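This report refers to the structure that appears directly beneath it.
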C-alpha cells in the first residue's frame, strides 16, 4: 500500500519554513505498513494543488495534505480538494462556535475570515484540533483515504497520532510494518558500517544509516505481519546491541539529553555547567528535558576571561599562561562550576567556534571539554570542522556523551 504526501505553502518553497512534516509522516506511515510513493511541495495555487491531487488519486491509497487550511485567501487546500472531488462545502456550526470561543478566551473578537476554517467538505470526517483553529478532515472513498492536516507541527503531530494513525492502521490492518531507529553516538558512520559488515551477510531487516552531527541513527525496517516484523526487529536489535555496546544510547524518540537526564535522576546525582564557546547551548539542551530541575543546579555562560575568573574561579595567571582555550582552563571551569553549585558532576567547555579567532596553534574548531567529579577531572580535546553553529552543536553533543559514559561507568 502506498501514500502520497502533498505539502502546501509558498513558505516551504522559499525556505522560510522547513518542511519537517514530511519526514514525520513518512515514519509514521511506515509503521502502519504504508510506503510513501511521492512527497511533493506545492505552491498556494488552486491548479497546482489540483494537479498534485489528481496524480496522487491515480497512484496511491492514502493521500495526505499538510497546510493550506488557514483563514486567508491563499489557504486553498479545502477548496481544491472539494473542487477535484466535485463536492460541496458546508458550514460546521459546532466548529465555528469553537473558533469564536478560541478568540473570546484570548479577549479578542473572531475575524470574519476565520469562518472559512469551519467549512467542511461534504461527507468528510472533521478531525479536532486542540491546539489551533483549523480542523483536519478525513475522507473515505473507493478504497482510498484522503486526509487534510494543518501545517504547524504542534497542531499536526497530535492530530495525526491521536486521530489519523489509528484510522490508517485499521485501513491497512493486515500488513503493518514496524520501524525502529537505534541511536548511536561516539562512532562515525563509516566506522559503524564497517563494524556491522564484520557480522557477515546481513539477512535481517533492511538497514539505513543517517548521520546527524555526533550521532548516527540506524533505521531498521521490519516487514510482513505485525508478528513477523516485530520478530525481525527484535533479532536485529539484539545483534546490533551486542556488537556496538554503549555506542547505542537509545532508540526512536530518545535524545542524548533525555538519556543523561534519565541516568542523573536514577542515580540521584546533580549537575552544573561552565560554558564558553557553546554560549549556553548545553544548558538549553538539558533544560529542554522535562523534570531537569531535579538534577540540574545551574550553569554559568562565561564568555570573557574576566567572567571565567570572577564566576568560575579560573586563575587569571593560568589563562595568561595556557590561553583561555586550553585543557587547563577547561578543567578549572569544570571544577569551579562544581564548587560554586555544589554538584556531583560539572562540565567546563572552552573553544573557538569561529569563523574568526583561530591561529596556527589554536585553529577554529579547537574545543576542550572537561568533566569534574569528586574523584577526578578528565578532559577531551576536539578538532571540529563546519561552521560556528555546527561546532557549538557537536561540542554540546560530545559533552552529553561524556556525562552519559561517566554515569554508566560509575555503576
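The values are calculated or read from the model by the stated rules, or taken from the named source; none is laboratory data. Not measured: the values here are computed from a predicted model. Every residue, glycine among them, receives a Cβ derived from its backbone with ideal geometry; neighbour counts consider all protein chains shown.
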Inset, instruction - Considering only the stretch 248-269, state which residues are touching a strand residue (DSSP E or B) at 6+ places or on another chain (Cβ under 7 Å), under 26 Å from residue 30 (Cα atoms) and part of a helix (DSSP H, G or I). - result: 256, 259
Legend entry - Single residue of the stretch 293-315 satisfying the filter (out of contact with any strand residue (DSSP E or B) (no Cβ under 9 Å at 6 or more places or on another chain) and in a helix (DSSP H, G or I)) that is surrounded by the most Cβ atoms within 10 Å (Cβ to Cβ): 309
Inset, instruction - Check the stretch 316-323 and report whether any residue there is under 21 Å from residue 397 (Cα atoms), touching a residue at least 24 places away in the same chain (Cβ under 8 Å) and more than 24 Å from the chain's Cα centre (by Cα). - result: no
Inset, instruction - Please tell me if residue 243 is touching a helix residue (DSSP H, G or I) at 6+ places or on another chain (Cβ under 8 Å), in a helix (DSSP H, G or I), exposed (fewer than 15 other Cβ atoms within 10 Å of the Cβ) and not assigned by TED's automatic domain parsing to the domain that holds residue 396. - result: yes
Legend entry - Enumeration of residues in the stretch 197-229 that are under 12 Å from residue 178 (Cβ atoms) and touching a residue at least 60 places away in the same chain (Cβ under 8 Å): 221
Inset, instruction - Could you figure out which of (1) surrounded by 14 or more Cβ atoms within 10 Å (Cβ to Cβ); (2) without any contact (Cβ under 8 Å) to a residue 60 or more places away in the chain; (3) touching a strand residue (DSSP E or B) at 6+ places or on another chain (Cβ under 7 Å) isn't true of residue 2? - result: (2)
Legend entry - Search result, residues across the stretch 122-136 that are surrounded by fewer than 24 Cβ atoms within 10 Å (Cβ to Cβ), part of a strand (DSSP E or B) and under 25 Å from the mean Cα position of the chain (by Cα): 127
Inset, instruction - Consider only pairs whose beta carbons are under 8 Å apart and that are at least six residues apart or on different chains; among these, list those whose first residue lies in the stretch 263-289 and is assigned by TED's automatic domain parsing to the domain that holds residue 399 and on the phi > 0 side of the Ramachandran plot and whose second residue is surrounded by fewer than 20 Cβ atoms within 10 Å (Cβ to Cβ) and not in a helix (DSSP H, G or I). - result: 279/301; 279/303; 280/301
Legend entry - Pairs where the first residue, in the stretch 151-170, is assigned to a loop (DSSP other than H, G, I, E, B) and the second is at pLDDT below 95, C-beta under 7 Å, 6+ apart: 152/132
Inset, instruction - Please give the strands (runs of 3 or more DSSP E) falling wholly within the stretch 35-110 in which 3 or more residues are modelled with pLDDT of 95 or more and surrounded by 13 or more Cβ atoms within 10 Å (Cβ to Cβ). - result: 35-42, 62-66
Inset, instruction - Kindly establish whether residue 233 is touching a strand residue (DSSP E or B) at 6+ places or on another chain (Cβ under 6 Å), surrounded by 14 or more Cβ atoms within 10 Å (Cβ to Cβ), over 21 Å from residue 397 (Cβ atoms) and modelled with pLDDT of 85 or more. - result: yes
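Residue-by-condition table, conditions (1) crowded, with 22+ Cβ neighbours inside 10 Å; (2) over 16 Å from residue 278 (Cβ atoms):
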| residue | (1), (2) |
| --- | --- |
| 324 | yes, no |
| 328 | no, yes |
| 357 | no, no |
| 370 | yes, no |
| 392 | yes, no |
| 403 | yes, no |
